[in-house]
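One structure below.
The values are calculated or read from the model by the stated rules, or taken from the named source; none is laboratory data. In this text the structure is predicted, and so the values were computed from the model without any measurement. Here Cβ is always computed from backbone atoms with ideal geometry, including for glycine, and neighbour counts include all displayed protein chains.
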Amino acid sequence: MPHALLRHLTQHNPRMVRGEGIYLFDAAGKRYLDGSSGSSLVCNLGHGEAAVAEAIARQAAVLAYNPFHCSHAEAYLELAEKLVGIAPPGFGRVFAVSSGSEAVENCLKFSRQAHLACGEPGRHLVIGRWQSYHGNTLGALACGGHTGRRKKHVPQLAAAVHIPPAFCYRCPFEKTHPSCGLLCARALESAIHRLGPENVAAFIAEPVVGAALGAVPAPPGYFELVREICTRHGIHFIADEVMCGLGRTGRHFAIDHWGVAPDLIATGKGLGAGYFPMAACLIADGLAAAVEGRGAAFEGVHTCCGHLLGSRVGGLMLERLVERRLAENAARQGARLLSGLREIAGRRPAVGDVRGLGLMAGVEFVRDRETRAPYPPGLRLAERVMDACLERGLIVYPGHGTVEGVAGDHLLLGPPLIIGEEGVDELLAILEEAIAAVERDPEVAALSR
Ligand SMILES: Cc1ncc(COP(=O)(O)O)c(C=O)c1O
């Protein structure tokens, strides 16, 4: 057993030694297509990018770190400029940190500090959604609704309120869009009424739910209504784009699909693209002005905020995103991926649903397509499919909890944004073979209808 803590202790993990484009190679020379861009949609530029390594080396040789409390430096200023350049209108400020969880925590703090600055000290509650994920630090975990990851820590979590998710395949209101009247969005207003708007600081949501549900975009009209409700009650809308942002869904920010502007955006993962731990909060001008008014500064600092190596990586990533039109490629290849997944669903009975936006796709497994009954959680079906994929040279990201957070298996797929048609086709072929192999497993077959 290695001393380093690993995620899947019961299984043999390959030892990765090299990466090139959309592929990783293990110590035995075996090649893997990185179908989830690392762990959960991080490595947007692919692996082994010499230009990124050079940018890090150049910056490290000149100045790796500056004292954030009393100075600034070019790399961070440039990163902020580039992020603002692709952000929705009205976003003029950036605060760079080292992880998605930190980005979410700081969005929550910005919201609270803005309400304080505006003379509304009662506004402290955050409304989130069940079956969402905003990070593993305690504040982010509290407003997230990932049952599995929260369970052991519930007594440690700050008060947060959760409304049902916008999840059409298993609609919590047992309705169908659009005749549902978007009850899932209206639930936000009911929650605000019950809590008293004067106590509510913010609503946080992933435009496309990642780890908790497996690439579920909110239906059309959802965020337009959310925006309206938040504005009406003076509540900040935080879009968590840590996974779905920066070109992943075919637009620079996923919320652009709904055409509304949040008050705060958390971004991460793809910003450092796996080359450096990097994340950021984007702050709307009005909020920033409130917090920074009268000479005050935002209260919230971390040892590595605005890190210069991460800033260089992030800057290069954003340059590539724009110059190489990676969002457009994500839209094009994502459409190919989704249509291939739909074909697989037609042939493989264990696939209950496929969904997604751009290069962020999900596959949900069921033991009975008609009733949508999940496999028993103890079977760990998603991990079985992951292992079968790994064996055949494909990396995917498994997840659980589509059924009320306690059952249901899915896979999250999101290859690097540089993938081409051949890569998508290879991914689909391996995935189908792996699913078929798991379906043939006698333990699985005995439970399938
Ligand atoms: C939507 C979302 N928000 C926040 C986070 C937390 O990011 P990190 O793991 O970098 O702290 C994640 C990570 O999976 C995420 O998917």
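Here are some notes:
- Identity of the residue in segment 152-173, touching a strand residue (DSSP E or B) at 6+ places or on another chain (Cβ under 6 Å) and in a loop (DSSP other than H, G, I, E, B), that ends up modelled with the lowest pLDDT: ALA160
- Residues located in segment 233-250, provided they are surrounded by 24 or more Cβ atoms within 10 Å (Cβ to Cβ), part of a loop (DSSP other than H, G, I, E, B) and not small (Gly, Ala, Ser): ILE235, VAL242, MET243, CYS244, LEU246, ARG248, THR249
- Test result for GLY408, among the small types (Gly, Ala, Ser) and within 19 Å of LEU357 (Cβ to Cβ): no
- Qualifying position, being within 16 Å of the ligand (Cβ to nearest atom), within 18 Å of the chain's Cα centre (by Cα) and closer than 23 Å to ARG227 by Cβ, among LEU271, LEU282: LEU282
- Wholly enclosed helices (runs of 4 or more DSSP H) of segment 95-151 bearing at least 3 residues touching a residue at least 60 places away in the same chain (Cβ under 8 Å): 100-117
- Residue in segment 44-61 that is modelled with pLDDT of 95 or more, under 26 Å from the mean Cα position of the chain (by Cα) and basic (Lys, Arg) present: no
- For ARG150, the conditions (1) charged (D, E, K, R); (2) within 14 Å of the ligand (Cβ to nearest atom); (3) in contact with an Asp or Glu (Cβ under 7 Å, 6 or more places away or on another chain) are fulfilled apart from (3).
- Being of a type outside the set (Ser, Thr, Tyr), away from the ligand (no atom under 16 Å from the Cβ) and surrounded by 12 or more Cβ atoms within 10 Å (Cβ to Cβ) holds for only one residue in HIS47, HIS3, HIS69, and it is HIS47.
- Candidates LEU183, LEU195, LEU188, LEU138: the one that is within 16 Å of the ligand (Cβ to nearest atom) and out of contact with any Gly (no Cβ under 8 Å at 6 or more places or on another chain) is LEU138.
Conditions (1) touching a Phe, Trp or Tyr at 6+ places or on another chain (Cβ under 8 Å); (2) closer than 16 Å to LEU33 by Cα, marked per residue:
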| position | (1), (2) |
| --- | --- |
| ALA331 | no, no |
| ALA345 | no, no |
| VAL363 | no, no |
| ARG372 | yes, no |
| PRO376 | no, no |
| LEU379 | no, no |
| MET386 | yes, yes |
| GLU391 | no, yes |
| HIS400 | no, no |
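- When residues of segment 237-256 are limited to those that are touching a residue at least 60 places away in the same chain (Cβ under 8 Å) and touching a Pro at 6+ places or on another chain (Cβ under 7 Å), the one nearest to the ligand (Cβ to nearest atom): CYS244
- Screening LEU77, LEU83, LEU108 for residues that are within 17 Å of SER311 (Cβ to Cβ) and crowded, with 22+ Cβ neighbours inside 10 Å leaves exactly one candidate, LEU83.
- So LYS30, is it away from the ligand (no atom under 16 Å from the Cβ), of a type outside the set (A, V, I, L, M), assigned by TED's automatic domain parsing to the domain that holds PRO398 and touching a residue at least 24 places away in the same chain (Cβ under 8 Å): yes
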